[in-house]
Amino acid sequence: MRVLVSGGAGYIGSHTVVQLVAAGHDVVIVDSFANSKPAVIGRLEALTGRHLPVHAFDLTDYDKTERLFADEPFDAVIHFAGLKAVGESAQIPLDYYENNLGTSFSLLRAMQRHGVRMLVFSSSATVYGERGAPPYREDFEPIEATSPYGRTKVMIEHILGDVAAANPALRIGILRYFNPVGAHPSGTIGEDPQGIPNNLMPFIAQVAVGRRERLVVFGDDYPTADGTCERDYIHVEDLAAGHVAALNRLAQVEAPVSVWNLGTGQGTSVFGMLHAFERAVGHELPHVVGPRRAGDQPRSWADPAKANAELGWRTEKTIDDMCADTWRWQSRNPTGYED
Ligand code: NAD
Ligand code: UD1
């Protein structure tokens, strides 16, 4: 298939591009580089052995999006482009609503106008809101979220449902990611957060490489085995494989909208992840226990049974793989794509 990958220069998009090419798809990237570096493209070309066409523009611009679809035929769109920092979304909510909804509107309108039927959308486990005990299943309703970022995902999921109801020829796959971590095993592409990382894994990696003094563990008094929060960390390589599987599946399904959780089904605590990273690095890492972070749920993990059965997909990588691959990327690229 000829696949347009929005946000293809970003963390998850870049890993998915490599696997799409390996699976025989023709990939075209569109990215504004709002949260990524053009240097990733050369690394992707080295990994895939292909020239990758890249269109650098902001997808909230409908006219530019329309021109791209008029110039090039696509069979499918994988839509990663968006802003994703939960804390920042509370500071600049309008930017989040405008960007995340606007990019989706442009793509949906251009798809409609040019008869492109297949779309894979990056949603998040954040749409399960403040649920009771995990595991979380796709049929939990109603979806809800506690941040402007999360609400953009809830809104876009509803919009996709409405658009598909009006146009049943569409085939839309909504993928709810749990906690993506890790990097390509080559160590040449990985997560490159701007500024101080918000998420656990990139923060630990920056402590390990000496860019941060120590990890602050956000609370050790939760009702969990070791008192720290438990999350379903999924290797970005397994996550990328889930997109290739979803694309294949969309070519066969009857339903206009399908929702799949992408997670392992296993929870790992903050201390569990820290100690796994220490094993990868070969020594202990400085850390202190601090207060809880507002909005954190004690436990979150997926029920991945639906994705396992319908996509013929399951995760293969372990927590140790996630740490080893993150460390390879971080130690070889201490300042990310800057060097
Ligand atoms: P990322 O920031 O690394 O990648 C997003 C890419 O989209 C970036 O390259 C950015 O430059 C681009 N972009 C942003 N706004 C754009 C616009 N208006 N026009 C064109 N390009 C634009 O993020 P990621 O971690 O790769 O996440 C990809 C998607 O997955 C996002 O939609 C995110 O919300 C979702 N998601 C991520 C996580 C996670 O933990 N990383 C979890 C759940 C869901
Ligand atoms: C966060 C977001 C969630 C989003 C997800 C994307 C919040 C409240 N939630 O989820 O909406 O979908 O990122 O991956 O921001 N931790 C520390 N010290 C740190 C960083 C994190 O102890 O410096 C802990 C957190 O308290 C949490 C765990 O590590 O218990 C994982 O944190 P994080 O990587 O931010 O992911 P989520 O909290 O699951």
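The values are calculated or read from the model by the stated rules, or taken from the named source; none is laboratory data. Bear in mind the structure is a predicted one, so any value in this text is a computation, not a measurement. Backbone-built Cβ (ideal geometry, glycine too); neighbour counts: all protein chains shown. Note: areas computed on protein heavy atoms with side chains; ligands, DNA, RNA excluded. Shrake-Rupley method; radii C 1.70, N 1.55, O 1.52, S 1.80 Å.
Evaluate the range 18-33: report whether one residue or more is open to solvent by 10 Å² or more (accessible area, probe 1.4 Å), in contact with a Ser or Thr (Cβ under 9 Å, 6 or more places away or on another chain) and without any contact (Cβ under 8 Å) to a residue 24 or more places away in the chain. No - not one qualifying residue is present in the range 18-33.
Ile234 meets the conditions (1) assigned to a strand (DSSP E or B); (2) touching a helix residue (DSSP H, G or I) at 6+ places or on another chain (Cβ under 7 Å) in every case but one. The failed one is (2).
Only one entry of Asp162, Asp139 meets the criterion of being free of Cβ contacts under 8 Å to residues at least 24 places away in the same chain, open to solvent by 30 Å² or more (accessible area, probe 1.4 Å) and assigned to a helix (DSSP H, G or I), and that entry is Asp162. Which residue out of Ala70, Ala133, Ala76, Ala85 is closer than 28 Å to Glu254 by Cβ and either out of contact with any Pro (no Cβ under 6 Å at 6 or more places or on another chain) or charged (D, E, K, R) (or both)? None of the others qualify; the one that does is Ala76. Does Glu157 satisfy the criteria of being among the acidic types (Asp, Glu), closer than 30 Å to Phe277 by Cα and within 16 Å of ligand 2 (Cβ to nearest atom)? No, not satisfied. Based on this model, can you work out whether Asp61 counts as of a type in the set (Asp, Glu), modelled with pLDDT of 95 or more and crowded, with 17+ Cβ neighbours inside 10 Å? Against the criterion (of a type in the set (Asp, Glu), modelled with pLDDT of 95 or more and crowded, with 17+ Cβ neighbours inside 10 Å), Asp61 does not qualify. For the range 189-205, the set of residues classified as touching a Pro at 6+ places or on another chain (Cβ under 6 Å) and within 14 Å of Asp325 (Cα to Cα) consists of Glu191, Pro202, listed by residue number. Inside the range 72-110, can you point out the residues that are surrounded by 22 or more Cβ atoms within 10 Å (Cβ to Cβ), aliphatic (A, V, I, L, M) and near ligand 1 (Cβ under 9 Å from one of its atoms)? Passing the criteria: only Ala81.
Residues that are touching a helix residue (DSSP H, G or I) at 6+ places or on another chain (Cβ under 9 Å), of a type in the set (Gly, Ala, Ser) and surrounded by fewer than 16 Cβ atoms within 10 Å (Cβ to Cβ) within the range 295-333 comprise Gly295, Gly312, Ser331, listed in sequence order.
Just name the residue that is farthest from Arg249 (Cα to Cα) out of those in the range 142-159 that are open to solvent by less than 20 Å² (accessible area, probe 1.4 Å) and in a loop (DSSP other than H, G, I, E, B). The qualifying residue farthest from Arg249 (Cα to Cα) is Ser147.
Considering only residues in the range 84-115 that are of a type in the set (Val, Ile, Thr) and in a helix (DSSP H, G or I), the one that is farthest from the chain's Cα centre (by Cα) turns out to be Thr103. In the range 279-294, the count of residues that are in a loop (DSSP other than H, G, I, E, B), within 28 Å of Pro148 (Cβ to Cβ) and within 16 Å of ligand 1 (Cβ to nearest atom) is one or more. Can you pull out every residue in the range 169-201 that is away from ligand 2 (no atom under 12 Å from the Cβ) and modelled with pLDDT under 95? Residues satisfying the conditions are Gln194, Gly195.
Just one of the listed residues (Ala255, Ala225, Ala245, Ala205) is crowded, with 16+ Cβ neighbours inside 10 Å and more than 16 Å from ligand 1 (Cβ to nearest atom), and it is Ala245. Checked against the criterion of being more than 15 Å from ligand 2 (Cβ to nearest atom) and farther than 27 Å from Glu45 by Cα, the candidates Gly210, Gly227 yield just one match: Gly210.
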